[in-house]
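As structure tokens, the structure follows; a few thoughts come after it.
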Amino acid sequence: MLQPHVLSVCHVLVLVLCLSAAEDFDWTKNHRGSFYYGTFPTGFSWGVGSSAYQTEGAWDKDGKGMSIWDVFTHKKGKVIYNETGDSSCEGYYKVKDDIALLKELKLNHYRFSISWPRIMPTGIKSDHVNEKGIKYYDDLINLLLENKITPIVTLYHWDLPQVLQERYGGWQNLSMIYYFNDYANLCFERFGNRVKYWITFNNPWSIAVEGYETGEHAPGMKLRGSGPYKAAHYIIKAHAKVWHTYDNQWRSKQKGMVGISLNGDWGEPVDITSQKDIEAAERYIQFYLGWFATPIFNGDYPQVMKDYIGRKSAQQGLGTSRLPSFSSQEKSYIKGTCDFLGIGHFTTRYITQKNFPASHGPSYFTDRDLAELVDPRWPDPGSEWLYSVPWGFRRLLNFVKTQYGNPMIYVTENGVSEKMTCTELCDDWRMQYFKEYINEMLKAIKDGVNVKGYTAWSLLDKFEWDEGYSERFGLYYVDFRNKNKPRYPKASVQYYKRIISSNGFPSQKEAENWHRKAIETCSSSNQLLAADPLTSHMEMVTEIVVPTVCTLCILLSAIFLMFLLRRHN
Ligand code: BGC
């Protein structure tokens, strides 16, 4: 039996542990402060991002197989105006042009994704490896390196090979782990001598929730309250497997890193003095970022997810929780499988407690027992869900630091859209968004958060999933009406370029100057774009009218000649 003094020591230890856990993130401390003038640490990496399906086009060219997004977008009613990524920005044919844009920005890195079905048409290695697809990525990587731009490569930005969906049910099936591992292994083998930053999955929250709960994204399934948890479970295991593959087979030779890119909106308690609101806000974040980050950093799902989903499942008469569980072997296999953490962040919500009775039926959203609110004063120039709330970014980064042991972070996505389709390239609000969000990131670094790089989302206007082309996130405007898909710089190109060349914000005077100059240059780009219909008209003249007229002339001459010959005979 334990002696009483041993028991009391244990008691104190438990108390200390509890207290230190409670001290992890201070919800009540939210000093927003004023703008911070200063610079980023030397070597801080600046970049922009894109993804394969959103920009490449060439959906059926050079031996590419179909992805779930090809099939989804070709069904009516899935995407606004039934638009597709069939040609999108034609990025597949414009590697050189796009690298010139990256050079213009003087970037350190470029984040892009590999389309799995472009290099493995069925998704299965033993079926076929498409060398033309490999060559496309080879050329892209080589050109980036020649221009001293570091490639950060995402293996999975949502475009699962359709064959894997049809044959196995996609991420509802355990076998995806093995197919994904084969695919990743091939990428390490073929590109790993040059690529040193690998991201396994982009935003798995979206894959799980929008792909398998709401069905707004491919593959469009509505398996409420169970599908998303199952998909996430296999994605986490697949991520861990790929990390181990790299660790065992490639790391010592290639000396690269493998991470994952997780998205998280910030959730701020509506009432900072209410314990219930604080708990609800924490639940919001644990069900979002924590769902994936906690297993990867700490070995298991957040306790609060296990409690809430477990309890609701029991109330719904289920024998086991809808949230799958990891065996202890799996927990230790998954824990620590992240060399760096990619963070995608766009916006913030206010959160308050709200009970949803289990009788509402299973659903990821009601499992959380909370309500999301927004402040009507927050600017929201573009996507319906995207409010500009810069201070939320600093809060999120500090939360990551405290929860997951201050990991190395690369911000993999941050940016804002606009809904306008006219030729307005003077994107004042985007400059403001970048200025303030980047500044909050700088403050977070001063707080001690280990952020090593920042990726503005995105290089180009592109296919925005179920929103089609109606929302534009690009630093560069793409004229989708013109079949050549010309790119035009928005004012934010100039502004971001200045932030990069100064490695931050040296002084108020300079930052104001940048803004003024950017507005000046965008007016002239506006004129160029306004002249675009004229250019397209001229192209039509050379491409259609001239050949047609020539053919007609030849035909007429032939007829005339025949007529003359007949008369002569
Ligand atoms: C996705 C991007 C998308 C962005 C804005 C992110 O979560 O990864 O592909 O463009 O959201 O919708």
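The values are calculated or read from the model by the stated rules, or taken from the named source; none is laboratory data. Please read these numbers as outputs of a predicted model, since none were measured by experiment. Glycine also receives a Cβ, built like all others from the backbone with ideal geometry; neighbour counts cover every protein chain displayed.
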*Could you name every one of the helices (runs of 4 or more DSSP H) located completely within segment 250-323 that has at least 3 residues being free of Cβ contacts under 8 Å to residues at least 60 places away in the same chain and among the aromatic types (Phe, Trp, Tyr)?*
none
*Is it the case that residue 411 is of a type in the set (A, V, I, L, M), in contact with a Leu (Cβ under 8 Å, 6 or more places away or on another chain) and touching a residue at least 24 places away in the same chain (Cβ under 8 Å)?*
no
*Candidates 451, 478, filtered to the one that is touching a Leu at 6+ places or on another chain (Cβ under 7 Å), away from the ligand (no atom under 16 Å from the Cβ) and either within 22 Å of residue 70 (Cα to Cα) or aliphatic (A, V, I, L, M) (or both)*: 451
*Say we look at segment 128-143 and pick out the residues that are in contact with a helix residue (DSSP H, G or I) (Cβ under 8 Å, 6 or more places away or on another chain) and acidic (Asp, Glu); which of these is farthest from residue 153 (Cα to Cα)?*
139
*From the residues in segment 433-489 that are touching a helix residue (DSSP H, G or I) at 6+ places or on another chain (Cβ under 6 Å) and in a loop (DSSP other than H, G, I, E, B), which one is farthest from residue 414 (Cα to Cα)?*
482
*Looking at (1) assigned to a helix (DSSP H, G or I); (2) among the small types (Gly, Ala, Ser); (3) under 30 Å from residue 315 (Cα atoms), find the lone condition where residue 240 falls short.*
(3)
*helices (runs of 4 or more DSSP H) contained entirely in segment 491-564, each with at least 2 residues that are surrounded by 15 or more Cβ atoms within 10 Å (Cβ to Cβ) and at pLDDT 75 or above*: 491-502, 508-530
*asked:* Considering only segment 460-474, I want to know if a residue exists there that is in contact with a Ser or Thr (Cβ under 9 Å, 6 or more places away or on another chain) and more than 16 Å from the ligand (Cβ to nearest atom).
replied: no
*Kindly check whether there is at least one residue in segment 363-384 that is outside any strand (DSSP E or B), within 30 Å of residue 336 (Cβ to Cβ), hydroxyl-bearing (Ser, Thr, Tyr) and within 16 Å of the ligand (Cβ to nearest atom).*
no
_Flag if residue 399 is crowded, with 19+ Cβ neighbours inside 10 Å and either more than 16 Å from the ligand (Cβ to nearest atom) or modelled with pLDDT under 95 (or both)_ = yes
*Do we have residue 349 as in contact with a helix residue (DSSP H, G or I) (Cβ under 8 Å, 6 or more places away or on another chain), under 21 Å from residue 433 (Cβ atoms), touching a residue at least 60 places away in the same chain (Cβ under 8 Å) and not in a loop (DSSP other than H, G, I, E, B) here?*
yes
*Going through segment 348-362 one residue at a time, which ones are within 16 Å of the ligand (Cβ to nearest atom) and either of a type outside the set (Val, Ile, Thr) or surrounded by fewer than 18 Cβ atoms within 10 Å (Cβ to Cβ) (or both)?*
349
*Any chance segment 415-424 includes a residue that's out of contact with any strand residue (DSSP E or B) (no Cβ under 6 Å at 6 or more places or on another chain) and either surrounded by 22 or more Cβ atoms within 10 Å (Cβ to Cβ) or part of a helix (DSSP H, G or I) (or both)?*
yes
*Since residue 206 meets every condition but one in (1) in contact (Cβ under 8 Å) with a residue 60 or more places away in the chain; (2) within 14 Å of the ligand (Cβ to nearest atom), which condition does it not meet?*
(1)
*Is one or more of the residues making up segment 110-121 surrounded by fewer than 20 Cβ atoms within 10 Å (Cβ to Cβ) and not aromatic (Phe, Trp, Tyr)?*
no
*Would it be correct to say that residue 416 is within 16 Å of the ligand (Cβ to nearest atom) and hydrophobic (A, V, I, L, M, F, W, C)?*
yes
*Residues in segment 144-162 that are farther than 24 Å from residue 452 by Cβ and either surrounded by fewer than 20 Cβ atoms within 10 Å (Cβ to Cβ) or within 16 Å of the ligand (Cβ to nearest atom) (or both): how many?*
3
_Of everything in segment 272-282, what is under 13 Å from residue 349 (Cα atoms) and either in contact with a Leu (Cβ under 6 Å, 6 or more places away or on another chain) or modelled with pLDDT under 95 (or both)? Give them in sequence order._
280
